[in-house]
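Report on the following structure.
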Amino acid sequence: MREIQCALSREGARVFRNNVGLFTTIDGRKVRTGLCVGSSDLIGWYKGKFLAVEVKRPRKKPTKEQYNFIGQVNLAGGIAFYATSGEDAVNKLRRHDNGDCDIYRM
């Protein structure tokens, strides 16, 4: 994850870790963290646009909820994709810069 954050930062993006989860407090209360179920691991902006990046290990794919989040961000005019490495993330960001926005639609 840190590799992807650093690679995107070198491209001029600003991204922050979005920890999504559910835990139980010592007194039994349930507490949800993060934006919503399916929201991306990294949230931020790039050239004035909302940016969301789901971080995956090689050969792993996003869940249905993660694909939905990615698709909704792109439909709203933001930039969203999943990436397995810093190089992958930078390539996808550059493709977006070159006008290839449809590659992120799910």
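Read-outs: derived from the displayed coordinates by stated rules, not from any lab. Predicted, not measured: the structure shown is a model, and the values here were computed from it. Cβ: placed from backbone, ideal geometry, glycine included. Neighbour counts: every protein chain shown.
Pop the C-beta distance of PHE50 and LEU22 into the FRET formula with R0 = 25 Å and round what comes out to the nearest 0.05. For PHE50 and LEU22, the calculated efficiency is 0.55. Among ILE79, ILE70, ILE26, the largest mean-square fluctuation in a Gaussian network model of the chain (Cα springs under 10 Å) belongs to ILE26. Average 1/r across all pairs of distinct alpha carbons in the range 2-104, invert it, and you get the Kirkwood radius: 14.1 Å.
Extension gain for the segment ARG10 to ASP100, taken as residue separation times 0.36 nm less the Cα-Cα distance, is 30.3 nm to one decimal. Loop-located GluC sites (Glu not before Pro) in the range 1-67 (DSSP state other than H, G, I, E, B) with a sparse environment of at most 12 neighbouring Cβ atoms within 10 Å are absent. For trypsin sites (Lys or Arg not before Pro), the sites in the range 6-43 that DSSP calls loop and that have at most 11 other Cβ atoms within 10 Å are ARG29. Length gained on full extension, ASN91 to GLN72: 4.7 nm, using 0.36 nm per residue less the C-alpha separation. Of all DSSP-defined beta bridges confined to the range 2-104, some 70% are antiparallel rather than parallel.
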